[in-house]
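The values are calculated or read from the model by the stated rules, or taken from the named source; none is laboratory data. Only a predicted model underlies this, so the values are computations on that prediction, with no experimental measurement involved. Heads up, the Cβs are rebuilt from the backbone with ideal geometry, glycines too, and the neighbour counts pull from every protein chain shown.
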Amino acid sequence: MLYSEIVIAGCGNPLFADDGFGPAVIEEMQNLQLPDNVTITDAGLGGPHFIFTLLDPEVTKKLIIVDIADFGAEPGTITKLRVEDLPPGAYRDAHSWDLTEPLQRIKDRIEVTIIGVQPARVTAPEFELGLSDEVQKAIPKTIRVILETIGVENEFSREYLRKEGRQPGCTAETCGCPEIR
């Protein structure tokens, strides 16, 4: 299928430490059995522009962007944002292109969710491979949030719910998970 009902795109550059968070989440999600109507993609550095080629408003109903986001929290904290939550110019790619405006154009036809994690360090323009411990530990929780967002429960989510001492059907928001804002 050229276009999917749900597109999950991990954005970022693994060469700059925690900026590789989005691709790391997608790499982990490739181990999951997901429904046929879900496409996951490592959108990389040019991701926010690339993902628009994966969307057809006649078919695509949800777009989930996974990326780092500096919102002043402790490193590894996860946030879930809507396009309306992004002030103009607040979401830029590495080339300083404003991505809020193109997301504003599609938000009335496609449900857009940005799932971000507070980075501990982004080393651009210096290269540093590998995520910080705090951001690495946020990957399973982020995947759980993604699965909740798309309405999929599988063994991955149940396993992490057990580790967190939560019951199935309990969302991060209703169970007071402190790592998610």
Residue match in the stretch 138-152 (condition: modelled with pLDDT under 95 and exposed (fewer than 12 other Cβ atoms within 10 Å of the Cβ)): yes
Identity of the residue in the stretch 103-126, part of a helix (DSSP H, G or I) and among the aliphatic types (A, V, I, L, M), that ends up farthest from GLY20 (Cα to Cα): ILE106
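In the stretch 68-78, is there at least one residue being in a helix (DSSP H, G or I), modelled with pLDDT under 90 and out of contact with any strand residue (DSSP E or B) (no Cβ under 8 Å at 6 or more places or on another chain)?
no
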Selected residue [modelled with pLDDT of 90 or more and surrounded by 16 or more Cβ atoms within 10 Å (Cβ to Cβ)] from ILE180, ILE106, ILE114: ILE114
Within the stretch 45-67, tally of residues that are at pLDDT below 85, surrounded by 15 or more Cβ atoms within 10 Å (Cβ to Cβ) and β-branched (Val, Ile, Thr): 1
ARG158 vs. criteria at pLDDT below 95, outside any helix (DSSP H, G or I) and basic (Lys, Arg): no
